[in-house]
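The values are calculated or read from the model by the stated rules, or taken from the named source; none is laboratory data. Note that this is a predicted model, so its numbers are computed, not measured. Cβ atoms come from the backbone with ideal geometry, glycine included; neighbour counts cover every protein chain shown.
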Amino acid sequence: MHKIKAWLQASRLPSQSYIFFPLLLGQAIHFGGSGQLNWTIFLLLHLYGLFLQLFIVYANDRADIETDRLNTTFTIFSGGSRTLVNGLISVRENYAAVLTVIVLNAAVGLVLTALFQSMLALPLIALSLGLLWLYSFSPVRLSYRGGGELLQMLGVGMVLPVFGYYGQAGSLAAFPWHQLAFILPCQLACAMATALPDEPSDRASCKRTAAVLLGPGVVKPAIIGLNGASLIFFFLFSPAPLPYTIAALLLPTVCFAGMLALRTASPPGSRRLALFVTCAVGANVLLMAAAALLFFLT
């Protein structure tokens, strides 16, 4: 029972929302233009999303174990699962789990290719796994060199919606690339926000996140500005009539207002910073969910 609890903790399943909604949005964009949705493909894509998320959290636990040992300001959004640093799961068990989810991701790609002639499925899956490798592991280890948030933005904000669309459409010829204008900024903002609480341990271990390189005083306004840009671009590019668009923006705007109210300096480990990060994550997840709903309905 204790081991099951440890693996549930390591899996950090609430973070599946970061993966689920961008994948869903890509499929919703296709449905909005075609009125068609293949439920078998839908299931396979979200199995991939689950396995990708597990790969991310398991692999990052291993890659950041030394930094996580220094971290005393971790939150539900940051600082890893704590299972390796607290000895709940061994490094060997973690390694086996990482290999398992890599194989499961590849299996989904092979099924999509074999059953639906999705020739880009395996390359897109390899790209999503590769971005995490570039983010966390040598020799590139970009999160420790600066630019890790940009990789996260590209993986979650571009690869996932594009794959969701491609999985259903079988082609990217009609993908509306302009919709990335509202997807990418809030994904970058979310990546920057979730690193804010870890700034002391990241600085001590020379992990060059935006919070370390620029300081929270610069990063907080940047996060607010990026979210504001996403809200504006979604308003401009929404497929729905104005009243539905305004309704869809209501909850993300509430989160945006919360960020504005919490914009002043707050140290890592403080409740105020935790609330700011919660608002940033909420704005991201709720905007992706609202956008997917509108594309499905219109």
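Table for the structure above
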{"quantity": "Exclusive hit being of a type in the set (Phe, Trp, Tyr), farther than 16 Å from residue 94 by Cα and surrounded by 24 or more Cβ atoms within 10 Å (Cβ to Cβ), set 58, 48", "calculated": "48"}
{"quantity": "Residue list for region 74-93, restricted to those being surrounded by fewer than 19 Cβ atoms within 10 Å (Cβ to Cβ) and at negative phi", "calculated": "74, 75, 76, 86, 88, 90, 91, 92, 93"}
{"quantity": "Subset of region 67-89 that is touching a residue at least 60 places away in the same chain (Cβ under 8 Å) and of a type in the set (Val, Ile, Thr) - its residue that is nearest to residue 9 (Cα to Cα)", "calculated": "83"}
{"quantity": "Some residue of region 242-251 being in contact (Cβ under 8 Å) with a residue 24 or more places away in the chain and over 22 Å from the mean Cα position of the chain (by Cα)", "calculated": "yes"}
{"quantity": "Selected residue [of a type in the set (D, E, K, R), on the phi < 0 side of the Ramachandran plot, assigned to a helix (DSSP H, G or I) and surrounded by fewer than 23 Cβ atoms within 10 Å (Cβ to Cβ)] from 208, 203", "calculated": "203"}
{"quantity": "Matching option when the condition is at pLDDT below 95 and under 15 Å from the mean Cα position of the chain (by Cα), among 160, 131, 142", "calculated": "131"}
{"quantity": "Cβ-Cβ under 8 Å pairs, at least 6 apart or on other chains, region 100-114 side of a type in the set (Asp, Glu), far side modelled with pLDDT of 95 or more", "calculated": "none"}
{"quantity": "Residue ranges of helices (runs of 4 or more DSSP H) in region 1-71 with at least 2 members within 16 Å of residue 83 (Cα to Cα) and at pLDDT below 95", "calculated": "2-11, 39-63, 65-70"}
{"quantity": "Test set (1) surrounded by 18 or more Cβ atoms within 10 Å (Cβ to Cβ); (2) touching a residue at least 40 places away in the same chain (Cβ under 8 Å); (3) more than 28 Å from residue 200 (Cβ to Cβ) - residue 298 fails condition number", "calculated": "(1)"}
{"quantity": "Region 72-107: number of residues that are closer than 21 Å to residue 206 by Cα and assigned to a loop (DSSP other than H, G, I, E, B)", "calculated": "10"}
